[in-house]
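K.L.:
Sharing a structure below in structure tokens format, with a few things to ask.
The values are calculated or read from the model by the stated rules, or taken from the named source; none is laboratory data. This structure is a prediction, so every number in the text was calculated from the model and none was measured. Neighbour counts are summed over all protein chains in view; Cβ atoms, including those assigned to glycine, are modelled from backbone coordinates with ideal geometry. The area values use the complete protein model at the heavy-atom level, side chains included, leaving out ligands, DNA and RNA. Shrake-Rupley method; radii C 1.70, N 1.55, O 1.52, S 1.80 Å.
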Amino acid sequence: MLDQLTEPAREVALVVGSDGPVSRIVCRRLAAEGVTTAVAGPSAQRTALYGKALADERIRALPYQVDPGEWDSIDQLVTDVVADLGRLDVLVNLTAATPRSDTAAEWSRVLNVNLAGAYRLGRAAARAMAGAGRPGRIVVLTPGERPDGEGGPAAGVSAAGVASLVADWARLVPSPRITVNAVTPEPAADPDSVASAILLLLRTDARSVTGQSVTVPGPDVLR
């Protein structure tokens, strides 16, 4: 997988939280390396349609429903993926909630999904990986500010929290063969560049990179 991400076998990757361009690029690249992919999102219907769209591209992607803010749902997702596909080698968490209004309820929802949910999903995946005794990779997309400026403080707090979370995770994961990193896209960052950063962290030769947050610059920085 990507110059052998872990070992030459039929690896399984779980991509959570988006059916957008970054997710599609990641799934295509993983499929090109012979990886079986599971895709998960909060809407069963939308995730099933996404799985079908990938299947139309001859990409094997099994759809699953998950509530990214409910810990029981997150634990069940990882359990189901391992039961159905036999293993879990990669987690790419693209869940990045932004507030719909400036209310206490929305702040709680956003931080619950972006921080607490990310922690629970990463922990469940790391335990599954460690229990199998194989290397593993976990990459979390941090919720950056949107080009229109929306997202505001909640997005910034979430991004900082995820960066701190992966730094702590790198020390606490149950196996030294599991890496945990974050990718932070700046406003209007190119989806290909974001996906490439994620895929770079999945490579075997990135096995010593853990606890890091990689920023993908936007077009203004690249000029």
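K.L.:
For residues that are touching a helix residue (DSSP H, G or I) at 6+ places or on another chain (Cβ under 6 Å) and open to solvent by less than 50 Å² (accessible area, probe 1.4 Å), tally how many sit in segment 99-117.
P.N.:
Residues meeting the conditions: 4.
Residue-by-condition table, conditions (1) among the aromatic types (F, W, Y); (2) over 18 Å from the mean Cα position of the chain (by Cα); (3) at pLDDT below 75; (4) buried (at least 21 other Cβ atoms within 10 Å of the Cβ):
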{"residue": "L121", "(1), (2), (3), (4)": "no, no, no, yes"}
{"residue": "A126", "(1), (2), (3), (4)": "no, no, no, yes"}
{"residue": "M129", "(1), (2), (3), (4)": "no, no, no, yes"}
{"residue": "G133", "(1), (2), (3), (4)": "no, yes, no, no"}
{"residue": "V139", "(1), (2), (3), (4)": "no, no, no, yes"}
{"residue": "G144", "(1), (2), (3), (4)": "no, no, yes, yes"}
{"residue": "S158", "(1), (2), (3), (4)": "no, no, no, yes"}
{"residue": "V162", "(1), (2), (3), (4)": "no, no, no, yes"}
{"residue": "V166", "(1), (2), (3), (4)": "no, no, no, yes"}
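K.L.:
Which one of these is open to solvent by 10 Å² or more (accessible area, probe 1.4 Å) and within 19 Å of R203 (Cβ to Cβ): G86, G34?
P.N.:
Being open to solvent by 10 Å² or more (accessible area, probe 1.4 Å) and within 19 Å of R203 (Cβ to Cβ) holds for just one of G86, G34, which is G34.
K.L.:
Sort out which residues of segment 59-76 are free of Cβ contacts under 8 Å to residues at least 12 places away in the same chain and among the basic types (K, R), and write them in order of number.
P.N.:
none
K.L.:
Residue by residue through segment 65-83, note down the ones that are open to solvent by less than 40 Å² (accessible area, probe 1.4 Å) and within 23 Å of P135 (Cβ to Cβ).
P.N.:
I74, L77, V78, V81
K.L.:
Now for a different question. May I ask you to verify whether D205 is under 17 Å from the mean Cα position of the chain (by Cα), surrounded by fewer than 16 Cβ atoms within 10 Å (Cβ to Cβ) and either among the aliphatic types (A, V, I, L, M) or not in a loop (DSSP other than H, G, I, E, B) (or both)?
P.N.:
No; evaluated as a whole, the condition is false for this residue.
K.L.:
Next question. Could you list all residues from segment 188-202 that are open to solvent by 60 Å² or more (accessible area, probe 1.4 Å) and either modelled with pLDDT under 90 or in contact with a Gly (Cβ under 9 Å, 6 or more places away or on another chain) (or both)?
P.N.:
Scanning segment 188-202 gives a single hit, D190.
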